[in-house]
Amino acid sequence: MTDFFKGITAIRYEGPDSDNEFAFRAYNPTEVVAGKTMKDQLRFAIAFWHSFAWPGGDPFGGQTFDRPWFGDSMDHAKLKADVAFEMFEILGAPYFCFHDADVRPEGRDFRENTARLREMTDYFQKKMEDTGVRLLWGTANLFSHRRFMAGAATNPDPDVFAFSAATIKTCMDATIQLGGENYVLWGGREGYETLLNTDMGRERAQAGRMLQMVVDYKYKTGFEGTILIEPKPQEPTKHQYDYDVATVYGFLKDFGLEGEVKVNIEQGHAILAGHSFEHELALARELGIFGSIDMNKNDYQSGWDTDQFPTNVPEMTLAYYEVLHAGGFKTGGTNFDAKVRRQSLDPADLILAHVGGMDACAAGLKAAAKMLEDGKLEAARSQRYAGWETAAGKALLQSDLGSIAAKVDSENINPQPRSGRQERLENLVNRYI
Ligand code: XLS
Ligand code: NI
Ligand code: NI
């Protein structure tokens, strides 16, 4: 045991009337909601990078956090892992997620990086066996080191492509060893700053080839998890190739990988792309590529990926409505890709940020389940499209422009607009929250 959390003990469910800051009010892991326990519906994961590797910097100032594991040695890395697992246990979080660079110090070269990652993977494996905490997904950090400044797969330098491919292999190996349920690719620097120096066609083709290699390696190794792409429109690069769910789907279709790869949708990235979270979730469901979610919101004014913990229950309700509507998570889950604000220095801040996030998600899930079970929202939606269920409606889609024109003329079809009832539906939604 480290003394980092200074005696904070396991967080328990105490219900909505509890006065205890260190308790869940909505998240009751064993309570059944929509046919599964909340633990199994929500499948919470803690993001290693934001809670344990991020120093609290912003563009105007560096480190604000003073963590005993900040340092470059393997001992620091192991202390960081020890504290992380203590936090997973305090929160009762069933999963975590990590990048290679979060868990091992940067080595001199690929060989040293790989050796350190292997050593840490073994260290994690032991901790996972001891605690029962599982890996939701692993990923490679192909964006922080300066070698990746012009991209990883999409780099103009083939050596960077090679280094990236090799690094992905080691991260997939670590994910497989740890029984990870997914492998994520977020293309932080897979995009460009200016077209003046960019061959977009070539870069897209390189990204497609890299993705194919990832899928091939999945089959070669027998990895049973899901390969996920995490869309984001910009930041760090100005134009990112995986802009949003629709763009990723087009990319997958282009390279024939739409049956192999799904999406990890982040609330903050949806907002950056000018969409709502629920739009991205619903579209992924319709396209058959819904996989997992990163649950962190952005500040609505700043226009940055501020990675804040979710606190807004009405937003969570609409999000989990879409998740339930998609049939719930299969290999995916709810990853808190969220960081405490840089002034939130205390160990307790880290714990309570997650407690609040877990409660907000749980409250949203419960409201969403009620909404789905009641069926009033779906009934209103079906009613709106009822015309398409009639024989005439169905026949229309099998017809052609000429026949339709003749029909509209002979029957004098003259559409009468009907209310979309938006406010009534908004009022209905608020009744469940
Ligand atoms: C950054 C992304 C990143 C991915 C994992 O904006 O959200 O944290 O989730 O590389
Ligand atoms: Ni993310
Ligand atoms: Ni993000």
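The values are calculated or read from the model by the stated rules, or taken from the named source; none is laboratory data. Worth saying up front: this structure is predicted, and the values here are computed from it rather than measured. Positions of Cβ are backbone-derived with ideal geometry, glycine not excepted, and every protein chain shown enters the neighbour counts. The area values use the complete protein model at the heavy-atom level, side chains included, leaving out ligands, DNA and RNA. Shrake-Rupley method; radii C 1.70, N 1.55, O 1.52, S 1.80 Å.
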Quiz item: Ignoring ligands, DNA and RNA, what percent of the accessible area of region 266-336 is carbon or sulfur (1.4 Å)?
Solution: 55
Quiz prompt | Volume per residue that the Cα convex hull of region 153-200 spans, once the total is divided by residue count, Å³ | solution = 65
Exercise. Any aspartates and glutamates with Cα under 19 Å of the K407 Cα? List them, leaving off those in the same chain fewer than 8 positions away.
Key: E389
Practice problem: Treat every Asp and Glu Cβ in the chain as -1 and every Lys and Arg Cβ as +1, leave all other atoms uncharged, and give the resulting dipole magnitude about the Cα centre to the nearest 20 debye. | Solution: 580
Quiz item: Just how far, in whole angstrom, is region 294-315 from region 361-378 if you go by their alpha carbon centroids?
Solution: 21
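In region 6-94, what percent of the accessible surface is made up of carbon and sulfur (1.4 Å probe, ligands and nucleic acids excluded)?
49
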Quiz item: Per the helix-only calculation at 222 nm, which mean residue ellipticity applies to the chain, given -39500 (n - 2.57) for every DSSP H run of n ≥ 4 and division by its residues, nearest 500 deg cm²/dmol?
Solution: -14000 deg cm²/dmol
Quiz item: Where the centre of each part is set by its Cα atoms, how far does region 190-206 sit from region 239-291, in angstrom?
Solution: 20
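With the radius of gyration and the Kirkwood radius both derived from the Cα set of region 123-165, what is their ratio Rg to Rh?
Rg/Rh for region 123-165 comes to 1.24.
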Quiz prompt | Most mobile listed residue (G387, G191, G288) in the chain, GNM with C-alpha springs under 10 Å | solution = G387
Self-check item: Probe 1.4 Å, protein heavy atoms only - accessible area per residue of region 141-268 in square angstrom
Solution: 43
Quiz item: Which aspartates and glutamates have a Cα less than 17 Å from the Cα of K238, not counting those fewer than 8 places away in the same chain?
Solution: E190, E193, D199, E203, E230, D305
Quiz item: Using θ = phi - 60° and the Karplus form 6.51 cos²θ - 1.76 cosθ + 1.60, what ³J(HN,Hα) does each residue of region 4-14 get, whole Hz, x for Gly and Pro?
Solution: 5, 8, 6, x, 5, 9, 3, 7, 10, 7, 10
Exercise. Take the alpha carbon gyration tensor of region 132-246, find the square roots of its eigenvalues, order them as a ≥ b ≥ c, and report rounded if a/c is under 1.5; if not, report prolate when a/b exceeds b/c, else oblate.
Key: prolate
Practice problem: Work the Kirkwood hydrodynamic radius out for region 29-83: mean of 1/r over every pair of different alpha-carbon atoms, inverted, in Å. | Solution: 13.9
Self-check item: For region 335-381, accessible area per residue (1.4 Å probe, heavy atoms of protein chains only), Å²
Solution: 36
Exercise. Can you grab the distance from the C-alpha centre of region 33-56 to the C-alpha centre of region 117-184, Å, no decimals?
Key: 19
Practice problem: Filter the cross-link list K232/K370; K80/K127; K127/K169; K39/K330 down to pairs whose alpha-carbon distance in this structure exceeds 21 Å. | Solution: K232/K370; K127/K169
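Over the Cα atoms of region 282-433, compute the convex hull volume and normalise it per residue, giving Å³.
That works out to 173 Å³ per residue.
Given N residues in the chain, what is Rg(Cα) / (2.2 N^0.38 Å)?
1.06
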Quiz prompt | Cα-Cα pairs of region 275-338 separated by more than 15 Å (percent) | solution = 52
Quiz item: What order, most packed first, do the peptides 194-206, 105-117, 43-55 have when packing is the mean number of other Cβ atoms within 10 Å of each residue?
Solution: 43-55, 105-117, 194-206
Quiz item: With helices defined as uninterrupted DSSP H runs, which ones in the chain have an alpha carbon span along their own long axis of at least 30 Å and mean Kyte-Doolittle hydropathy of at least -0.5?
Solution: 347-374
